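**Q** Mind having a look at this structure? Questions to follow.
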Amino acid sequence: MMPDANGIALEARDLRKAFGGVHAVDGCSFAVPRGKICGLIGPNGSGKTTTFNLLTGLAQPDGGQVLHDGVDIAGLKPYRIFRRGITRTFQITRVFREMTVLENMLSVTGLAVPDRVARERAGELIALVNLTHLRGEYGGRLSYGQQKLLEFARALMTDPDVILLDEPAAGVNRTLLQQLLEQIHRLQETGKTILIVEHDMNVIMNHCERIFVMDYGVKIAEGPPSEIQGNERVIEAYFGRRQSGVVHAG
Amino acid sequence: MDDRAEMLGPEKAGRETAFSRPFADTAPAVAPAVGRRRGRGWMERSEVRSLYLLAAFLVAAYALPFVIGIRYGTVRWDAEWLGYLGTVVLSGFLQGGVYAMFAVGLTMIFGVMRIINAAHGEWVMMGAYLTWAAFFYLGVDPLLSLVFTLPIAFVFGMVVQKLLLNAVVGQPELTGLLVTFGLGLTMIYVAELIFTTDFRTIPYAPHSVQITDSIAVSQNKLISFTMALAISVGVYFLLKLTRIGKAIRATALNAEVAMVCGVNVGLIYLITTGIAASLAVAGGALVSIQFGFNPETGIIYTLQAFTIIILGGRGHYLGALIGGFMLAVLESLVSLMIPNGTAMVELAAYGLLIAVLLIRPGGLMGVKEG
């Protein structure tokens, strides 16, 4: 796969998805530059998770394109998108609860490597997120934060190109979060592209180089953190609701 | 922005302190408390109560044949009768292994696709006829014929998946139940067309093996049990150790996550049904060397498989194993002690099925979460 000339790893073009009469994603376009950590934010119900589902094939778009390295992957089966090197984690952790930590890692398929190599890699990644002492433990027995780490490690099994993280900070304590963020930066150094959906503004503003803001299924703003913080539309859509509804958000 | 994070903070932070700590020091703190509970979480009180109730019911169910037997004088407590008892319990146990094997197929389909396969007994019946046809027309040894009946079954399962079940995956459970019920009926009539409704038997290793002075079981039961055990263990290791097995289990635990872990879920469905059909056909081969069968015997096996997986807990492989043994032993007790017991055997399965659904619908192990 040749990287796109513009250095765009993943691009959504006029993505659309409606559930019944609700237009969850309504003509959303954004481009994630290669090798960057980007943030996707927006109030609840603005369509972030649906966008993630469209990008990873879990939902079929009603219209629009998803370009990975310039190739349209919209509507492909999830495992095909996965095998192109796009992996993700979920907002609410979804480890396989009745599989051990190691089995969780090895359940990832599509690795064109022998079993022994896969095991080695799984071991390395488990060590990376400091879960080695729990490798034989069932996924459902881990703490919430540990499940997040496991899910993160699992998403790295195939040495992916683009990693989508859905609220990596939610429910994770500070120490853990710091380690997770360090890992994310380390991944970026190796040339990975990372897109994060997150409600924790500290994470978004301090760690993302570019931020896309969604509201009502469309992108309303895009730019580096400093610009987004001062953007009036964002403040209106997002922070303007602080008095009324933000407590319930997230 | 900062207060937004803080507003979200306390709830999340509370959760964190309750369940975990910085992960550097979790090992000593978590490991002892965690134990080896198979990730099922703590049971709620009502769960525990229904489990006790079910256990009490099962004890009563096992005691009932004795009570009725004493009432009708079929229980004698002399050495000869105790020999009979030992014999039927042992052969029931051996039979249970075969039941468990084909019930595992049913539980697999349910676990992976949430489809209740009402044609499972007909698949067993198909296995019996395949074995019979190989034996009578080609003169192939019933056990040897597994070499080609199993691949046939696997392909058959994949075709059924492709043509019928793919259309009902993700639909309400009743849809799958009706579709497979229709498939079962179709198979019965096709079998009647080809083989007529006559009962068939395969004479195979009918001699008895003397275990003790008074306990004896027939060779074919021992052979069937050994085969069933070997196949079940094989499937267990397939699921536990191989990559395809992990993919099947991953799909059963959460199909959506399996998809984004690169599992080709459509292919897993095909393989699952292929394996399930193979298990059913192997079960058919193993019962065909012990019992007579006609196209309608499949219904009894469906009922038995249903009872077994409901008793064991839908989606649980170990549950299917336990359920298989429990049902078969109960059946053998009923047939020994209750007058006209052989006709009452089906009643045992029905009774067990209904009682488990009333007392503890999740069965012994509870329904596997989806």
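The values are calculated or read from the model by the stated rules, or taken from the named source; none is laboratory data. Keep in mind the model is a prediction, meaning the values are calculated, not measured. When we count neighbours, we look across all protein chains shown, and the Cβ atoms used for this are built from the backbone with ideal geometry, even at glycine. For the accessible areas, the whole protein counts, side chains as well, though only heavy atoms, and no ligand, DNA or RNA atoms are used. Shrake-Rupley method; radii C 1.70, N 1.55, O 1.52, S 1.80 Å.
**Q** Bin width 10 Å, alpha-carbon pairs only: give the P(r) of the stretch A:8-244 as whole percents, running from 0 to the bin holding the largest distance.
**A** 8, 32, 36, 19, 4, 0
**Q** Per-residue counts of other Cβ atoms within 10 Å, averaged by peptide: what ranking do you get for A:143-151, B:293-301, highest first?
**A** Highest to lowest by the protection proxy: A:143-151, B:293-301.
**Q** For helix B:298-312, report the angle its Cα long axis makes with the longest principal axis of the Cα atoms of chain B; keep it between 0 and 90° and round to the nearest 10°.
**A** 40 degrees
**Q** How large is the charge dipole for the stretch B:68-359, taken about the Cα centre, if only the Cβ atoms of Lys, Arg (+1) and Asp, Glu (-1) carry charge, to the nearest 20 debye?
**A** 760 debye
**Q** Also, quick follow-up: With a 1.4 Å probe and every protein chain left in place, tell me how much accessible area B:HIS207 has, in Å² to the nearest 10.
**A** The accessible area comes out at roughly 120 Å².
**Q** At 7 Å along Cα-to-Cβ for each site, give me the label-to-label distance between A:ARG13 and B:PHE136 in nm.
**A** The answer from the label model is 6.6 nm.
**Q** Determine the calculated [θ] at 222 nm for chain B from helices alone, applying -39500 (n - 2.57) to every DSSP H run no shorter than 4 residues and normalising by the residue count; nearest 500 deg cm²/dmol.
**A** -24500 deg cm²/dmol
**Q** If you filter the stretch B:61-154 for chymotrypsin sites (Phe, Trp or Tyr not before Pro), then keep DSSP loop positions with at most 13 other Cβ within 10 Å, what is left?
**A** B:TRP77
**Q** Can you tell me how much longer the chain between B:TYR84 and B:VAL67 gets when fully stretched, taken as 0.36 nm per residue apart minus their C-alpha distance, in nm with one decimal?
**A** Result for the pair: 4.4 nm of gain on full extension.
**Q** To the nearest 20 debye, what charge dipole does chain A have about its Cα centre, counting +1 at the Cβ of each Lys and Arg and -1 at the Cβ of each Asp and Glu?
**A** 480 debye
**Q** Residue by residue, what Karplus-based ³J(HN,Hα) values in Hz, rounded to whole numbers, does the stretch A:87-92 have, using 6.51, -1.76 and 1.60 with θ = phi - 60° and x for Gly and Pro?
**A** 3J(HN,Hα) across the stretch A:87-92, in whole Hz: 10, 8, 10, 10, 4, 9.
**Q** How much of the DSSP bridge set in the protein assembly as shown is antiparallel, in percent, rounded to the nearest 5?
**A** 60 percent
**Q** Here's a follow-up. Using only atoms on other chains, find how many Cβ atoms lie within 10 Å of each Cβ of peptide A:49-62 and report the average.
**A** 1
**Q** Mind checking the per residue accessible area of the protein assembly as shown for me, 1.4 Å probe, whole number of Å²?
**A** Averaged over the residues of the protein assembly as shown, the accessible area is 42 Å².
**Q** Counting each DSSP H run of 4 or more residues in chain A as -39500 (n - 2.57), what helix-only mean residue ellipticity at 222 nm follows after dividing by all residues, to the nearest 500 deg cm²/dmol?
**A** Mean residue ellipticity, 222 nm, calculated: -9500 deg cm²/dmol.
**Q** Using the structure shown, select from A:LYS17/A:LYS77; B:LYS221/B:LYS246; A:LYS36/A:LYS219; A:LYS148/B:LYS240 the pairs with a Cα to Cα distance greater than 26 angstrom.
**A** B:LYS221/B:LYS246
**Q** May I pose another question? Residues of the stretch B:249-291 losing 40 Å² or more of accessible surface, assembly versus chain alone, probe 1.4 Å, please list them.
**A** B:ARG249, B:LEU253, B:GLU256, B:VAL257, B:MET259, B:VAL260, B:CYS261, B:GLY262, B:ASN264
**Q** Still on this structure, please answer the following. Return the FRET efficiency for the residue pair B:VAL59, B:TYR189: r is the Cβ-Cβ distance, R0 is 45 Å, and the value is rounded to the nearest 0.05.
**A** After rounding, the FRET efficiency stands at 0.60.
**Q** For the protein assembly as shown, which whole-number percentage of the solvent-accessible area (1.4 Å probe, protein heavy atoms only) is attributable to carbon and sulfur atoms?
**A** Carbon-and-sulfur percentage of accessible area, whole number: 62.
**Q** Roughly how much accessible area, to the nearest 100 Å², goes out of reach of solvent when B and A pair up, both sides summed, probe 1.4 Å?
**A** Looking at B and A, the buried total is near 4800 Å².
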